[in-house]
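Quick note: the coordinates plus some simple rules give every number you see, no bench work behind them. Since this is a predicted model, take the numbers as computed values, not measurements. Positions of Cβ are generated from backbone atoms using ideal geometry, with glycine treated the same way; all protein chains shown enter the neighbour counts.
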Amino acid sequence: NAGVTQTPKFQVLKTGQSMTLQCAQDMNHEYMSWYRQDPGMGLRLIHYSVGAGITDQGEVPNGYNVSRSTTEDFPLRLLSAAPSQTSVYFCASSSSPGVSGNTIYFGEGSWLTVV
Amino acid sequence: DQQVKQNSPSLSVQEGRISILNCDYTNSMFDYFLWYKKYPAEGPTFLISISSIKDKNEDGRFTVFLNKSAKHLSLHIVPSQPGDSAVYFCAASSHTGTASKLTFGTGTRLQVTL
């Protein structure tokens, strides 16, 4: 029972490089989202999707790009990495766009360092 | 503008005692409040939630209290166990048209000592 799977778990990038964080869920959830966690900031929403082909911006979308071609996958692309994007990234999925409490499942996180 | 605040970054409690974690919010449009627990190197896991129309929800050792007039909620853990040592995030849900979004607090690190 995989749930929400994120890859890679750790990555070091040079400033200006691009990369994609992968996220896959096997629960047939319509709603998927990406958060970043920084010290003293909690988790902040980057982008989210309510279904295949539908994405929208969250609280901190700048420097990131997403697409949702399938229900299962929701990759997060860093277009030109900056040191300010050093963070822990969490992918999450939910059974419906409406959050009713116990339906959001998080992946284990991806630790990204930009030097 | 931090809409969900957890003013205590850490809390230490003896095993068997009560742990009380606090959370304040500013947005009166939040309709659900949730607590997530996070161990190091793992993703957050859901713990308990409460609807904005209720003032208490209980699940085993965990109880969440909501005081809407004070815009304050708290998580009580009784009795506290060493396995409860983790970071606890308070989160609040609001609707934006196409979906609901969670706004998280900054977290409180709970240490349960023997």
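See the values below:
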quantity	calculated
Stokes-Einstein diffusion coefficient of the protein assembly as shown, Kirkwood radius over Cα pairs, 10 °C, 1.306 mPa s, in µm²/s	88
Rel. contact order, % - alpha carbon contacts under 8 angstrom, at least six apart, chain B	36
Debye-sum result for chain B in log10 I(q)/I(0), which assumes one identical scatterer on each alpha carbon, at q = 0.11, 0.13 Å⁻¹	-0.33, -0.46
Dipole magnitude of chain B, debye to nearest 20 (Cβ charges: Lys/Arg +1, Asp/Glu -1, about Cα centre)	100
Reachable aspartates and glutamates, given that their alpha-carbon falls under 17 Å from the alpha-carbon of B:K37 and they are not under 8 places away in the same chain	A:D38, A:E108, B:E58, B:D59, B:D84
Unsatisfied cross-links (Cα-Cα over 28 Å) in the set A:K9/B:K68; A:K9/B:K56; B:K5/B:K101; B:K56/B:K101; A:K9/B:K71	A:K9/B:K68; A:K9/B:K56; A:K9/B:K71
Check: the range A:32-115 dipole with +1 on Lys, Arg Cβ and -1 on Asp, Glu Cβ, in debye	100
Inter-part distance where the range B:1-38 and the range B:47-114 are each reduced to a Cα centre, Å	6
For the range A:1-110, Kirkwood radius (reciprocal of mean inverse C-alpha pair distance, Å)	13.9
Label-to-label distance, nm, for residues given as B:Y39 and B:T113 (7 Å Cα→Cβ offset)	2.3
Rounded to the nearest 20 debye, dipole of the protein assembly as shown from Cβ charges on Lys, Arg, Asp, Glu	400
